[in-house]
Structure formats: structure tokens, C-alpha cells
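First up is the structure itself, then whatever we jot down about it.
The values are calculated or read from the model by the stated rules, or taken from the named source; none is laboratory data. None of the values given here were measured: they were computed from a predicted structure. Quick reminder, even Gly has a Cβ in these numbers, built from the backbone with ideal geometry, and neighbours come from all protein chains shown. Just the protein is used for accessible areas: all its heavy atoms, side chains included, with ligands, DNA and RNA removed. Shrake-Rupley method; radii C 1.70, N 1.55, O 1.52, S 1.80 Å.
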Amino acid sequence: MDSTKSKLIGVAVVVCGFAVGMAGLLNYFKYRSTSNRLVTERLVVTGRSVESSIQSSLALGLQFSDIATLPGILDREQATDSLIQGIDIFDTEGKLLYSTDRMRSSRPVPKAWMAAARKAGDDDWLVVDGEETAAGMAIQNNFDLTIGYLALRFSSDRVRDDVHAVGREIALASLVVFLVAAGFSSLALLAVMKRVGSAAGRVEGALRA
């Protein structure tokens, strides 16, 4: 009887561990996916503000590559969000036109950015590639024609650290839930086994009588 109890309790603990573990993993991956989406949406809000400024300048007859006020606008927009490490604007051929980082003016636009931008079309895009991690969007003129792209660079390490911190919290919460569930199921199982044992004892006694 004791051996049966141990086996049943072991099974109950394993089932609780599997259920809680799977729930924890699903919550973690769901949070990670949601975090990436929210980061992209958060940065694109800044990008939309820049696009509006560009469209206003184009409406005044200025050329896309000759908007003198745009560098200052980019610097101000970057300062509004601590997550943004830099803002780059490039044309549809991949030529860098504006950047908050003057050192990048001589560097080519990352191929991953161009590929993601062209693949996304009019939609927002995200590239996670070390120092070249960026969220981006297409820049359109007043006729809804794409004239270039805007990339907002940010630290993937910072986002990853935030996700890992939440992952640790989920793991700790899952451990607590597992311990409570395993303890409760074990006690409930022992109570049921005790009642079954008592009933079996009474049946055995009745048969002997």
C-alpha cells in the first residue's frame, strides 16, 4: 500500500510539474513576442512624427534630400525616448540621407535593413542584428509614394535583459505554484487513499466475519 501511495504521489507531482512548466513557458514566449511588438509600435510612433515633418517640408516644395531642418528634428525626437540610440533616414536605393550619428554618414545602410524594408512594403519592420538592431517604417510623400525609409536604432541587449528579468519572475512564480499544487495534490491523494484503505479494511473485515 505504501509503495502504491509513493507511486501515485510521484505521478501527481510529475503531472503538476509538467502543467505548470508548460504554462510558464507559454507565458514567457507570449510575453517575449508581445514585448517585441510593443517596442516596434513604441518606436514607430516617433517615426510617424518625423514622417509628418518630412511631408510638411515636401508640401513646401523642398526636396527629400535637402530638408535643412530635419537633422535638428531627428535630434529632438531621439531625446524624447531613452530607448532610441539613433535615427537614420535613407532613400529607396539604400543611400543614407540623414542620421543623428554623424559617423554613420560614410557607412552603407545595412543590407538587413534594406531587405526588411522592401519586404515589409508599407508596413513597419523590425531587424534584430546586434548593433544594427532597428525598428523601421516607410516614408511616403503626399501622393502615398514611398520615397525612403526611416530606421530607429535601439539596444537589443536592453530589451533582452528586460525580457529575461520578466522570465525570471515567471519562473519564480511557476515554482511557487508548482510547490503549492504538488503539495495540495499530494495531501488530497493521501486523503483519498486513506479513505479507500479504510473502506477496503471494512470490506475485508466484513468478509472475514
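Remarks
- Sparse-neighbour loop sites [GluC sites (Glu not before Pro); segment 92-175; at most 11 other C-beta within 10 Å; DSSP]: E93
- Nitroxide proxy distance, nm - points 7 Å out along Cα→Cβ at S33 and S82: 3.0 nm
- Legend: helices of the chain (whole DSSP H runs) are marked when their alpha-carbon atoms reach 18 angstrom or more along the helix axis and their mean Kyte-Doolittle hydropathy is at least -0.5; marked are 2-59, 156-208.
- Heavy-atom accessible surface of the chain: percent carbon and sulfur, 1.4 Å: 60 percent
- Taking all protein chains into account, the per residue accessible area for the chain stands at 61 Å² (1.4 Å probe).
- Above 24 Å, the calculated P(r) of the chain contains 58 percent of its Cα-Cα pairs.
- Across segment 7-122, the convex hull enclosing all Cα atoms gives 158 Å³ per residue.
- Cα-only Debye scattering, segment 45-84: base-10 log of I(q)/I(0) at q = 0.19, 0.35 Å⁻¹: -0.53, -1.21
- Segment 82-155: relative contact order in percent, alpha carbon pairs under 8 Å with at least 6 residues between: 35 percent
- With R₀ fixed at 22 Å, the C-beta to C-beta distance from F184 to S6 puts the FRET efficiency at about 0.80.
- Charge dipole (the chain, unit charges on Cβ, about Cα centre) - positive-most of Q63, A12, A171: A12
- Mean separation of Cα pairs under 8 Å and 6 or more residues apart, divided by the residue count, gives segment 6-111 a relative contact order of 14 percent.
- FRET efficiency for the R42 to E131 pair, using the beta carbon distance and R₀ = 25 Å, is estimated at 0.80.
- Pairs of Lys in the chain closer than 17 Å at Cα, counting only those 8 or more apart or on different chains: 4
- Largest first and in whole Å, the equivalent-ellipsoid semi-axes of segment 53-117 read 19, 17, 11, each the square root of five times a Cα gyration tensor eigenvalue.
- The relative contact order of the chain comes to 25 percent, based on Cα pairs under 8 Å that sit 6 or more residues apart.
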